[in-house]
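To keep things clear, I will list the structure first and then write my remarks on it.
The values are calculated or read from the model by the stated rules, or taken from the named source; none is laboratory data. Just so it is clear, the model here is predicted, and its values are computed rather than measured. Note that we place each Cβ from the backbone using ideal geometry, even for glycine, and neighbour counts take in every protein chain shown. In case anyone asks, the SASA skips ligands and DNA or RNA and just uses the protein heavy atoms, side chains included. Shrake-Rupley method; radii C 1.70, N 1.55, O 1.52, S 1.80 Å.
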Amino acid sequence: MVLTQEERTAQRKLIGTLNMRNAMWFEPDVGFCIWRDQRDSQAWGAGIPELSAHFDTLAIPYVVRPEVQAVGKRQKAGLTLVVRWEELPSLTRWAPSFQKQIDNAHAEMDAAASGS
């Protein structure tokens, strides 16, 4: 596959974001989530507007939802970028090593559901 310069840049930013593992989680009924503080998004790496642009470039379907997270002892408003479970193959196309985290999340959720 021959990538454009824009796709290469977006892929590098995506992989860098996934490797940071800050404020990321899986929700059983939703999928993979990345949260960023609205005011301090640059302190966490790429903010949601920048991540959205990279996801658009790579044709990774997502939704953005407003969300409040507990950060330390404070509540902070932010945005969460969500990639639904069924759309995760479009993400792993660009970051194949992320499949291991997806598999681990599935295993943890399966274990929790079975009461293990």
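Data table
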| read-out | value |
| --- | --- |
| Check on Ala10, more than 15 Å from Thr80 (Cβ to Cβ) and either of a type in the set (Asp, Glu) or open to solvent by less than 40 Å² (accessible area, probe 1.4 Å) (or both) | yes |
| Qualifying position, being loosely packed, with under 15 Cβ neighbours inside 10 Å and at pLDDT 95 or above, among Asp40, Asp56 | Asp56 |
| Flag if Trp85 is aromatic (Phe, Trp, Tyr), under 13 Å from the mean Cα position of the chain (by Cα) and either loosely packed, with under 12 Cβ neighbours inside 10 Å or closer than 30 Å to Val2 by Cβ (or both) | yes |
| Qualifying position, being of a type in the set (S, T, N, Q), at pLDDT 90 or above and touching a helix residue (DSSP H, G or I) at 6+ places or on another chain (Cβ under 8 Å), among Gln5, Gln99 | Gln99 |
